[in-house]
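The values are calculated or read from the model by the stated rules, or taken from the named source; none is laboratory data. As the structure is a computational prediction, the values presented were derived from the model and not from experiment. Cβ placement follows ideal geometry from the backbone for every residue including glycine, while neighbour counts extend to all protein chains displayed. Ligands, DNA and RNA are excluded from the accessible area calculation, which covers all protein heavy atoms including side chains. Shrake-Rupley method; radii C 1.70, N 1.55, O 1.52, S 1.80 Å.
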Amino acid sequence: MPGLIGRKIGMTQIFDDDGKAVGVTVLEVGPCPVVQIKTAARDGYDAVQLGFGRVKESNVRRPAKKPAKGHAARAGLDHVPRVLAEFDFENEDLEPGQQLTVDMFEVGSRVDVSGTTKGRGFQGVVKRHGFAGGRGSHGGSSVLRKPGSIGAGTDPSRVIKGMKMAGRMGGTKHMAMSRRVIRVDAEKNLLIVRGSIPGARNNIVMVRPGR
């Protein structure tokens, strides 16, 4: 199985067989139609392109959406997917228009979930990198959240690349590895995994089989 596209609904907790509360994340995964199958002979690599969601019919009529409408029509779809994503996969059994659903996952299996983390804006080194900051006594009130020295003196007379400094935080792609599947609800297309998943609510995520 290549993987599926979904969205993060939010976090909650459930109780296991021993009565312990377990923090879980609820994902709406699929159904994902197969939009295009790429092969090494024609495209230079093997992959499968999946879709998720649908674009409003009023927006499909816009001229900018005509190429996307034709692309979906070639796969036999009656709607334009809102999200398209490719997964490395080589399987001759898949066909354009075929629907992949969440029941492909099993309870107890592991999955890798990737998403875009929450954007935190421009942050200092204390919040961004966990610096301790300067001392708070003996007149140190002006250095509480400062980074301290960032250079190496006359030699090499420059700031070394990769130095941890203030800057934009978050808004980057991150993958949560080896999350255990707690429950699968095929009727509602829900996948419940243990632990947290990067991103805010309604964030688009990619779910792949765990490694």
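Annotations
- Averaged per residue, segment 97-211 has 66 square angstrom of accessible surface, using a 1.4 angstrom probe with ligands and nucleic acids left out.
- Extension gain, ARG82 back to ARG110 (0.36 nm per residue minus Cα-Cα distance, nm): 7.4 nm
- Centre separation in Å (Cα based) which lies between segment 94-157 and segment 191-209: 17 Å
- When a 1.4 Å probe is rolled over the protein heavy atoms, the share of accessible surface on the chain that falls to carbon and sulfur comes to 48 percent.
- Residue pairs exceeding 26 angstrom between C-alpha atoms, taken from LYS38/LYS69; LYS8/LYS164; LYS118/LYS146: LYS8/LYS164.
- Surface calculation, 1.4 Å probe, protein heavy atoms: MET163 sits at approximately 80 Å² accessible.
- Extension gain, HIS174 to GLN99, is 24.3 nm, computed as 0.36 nm per intervening residue step minus the present C-alpha separation.
- A 1.4 Å probe run over segment 28-75, with the rest of the protein chains in place, finds 57 Å² accessible per residue.
- A run of the chain free of exposed loop cleavage sites, with GluC sites (Glu not before Pro) counted only in DSSP states other than H, G, I, E and B and at most 13 other beta carbons within 10 Å, reaches its longest extent at 1-91.
- Exposure ranking of LEU190, LEU144 by accessible area [1.4 Å probe, largest first]: LEU144, LEU190
- Net charge dipole size for segment 135-177 [Lys, Arg +1 and Asp, Glu -1 on Cβ; Debye, nearest 20]: 160 debye
- When the alpha carbon coordinates of the chain are projected onto the principal axes, the ranges are 72, 51, 37 Å, largest first.
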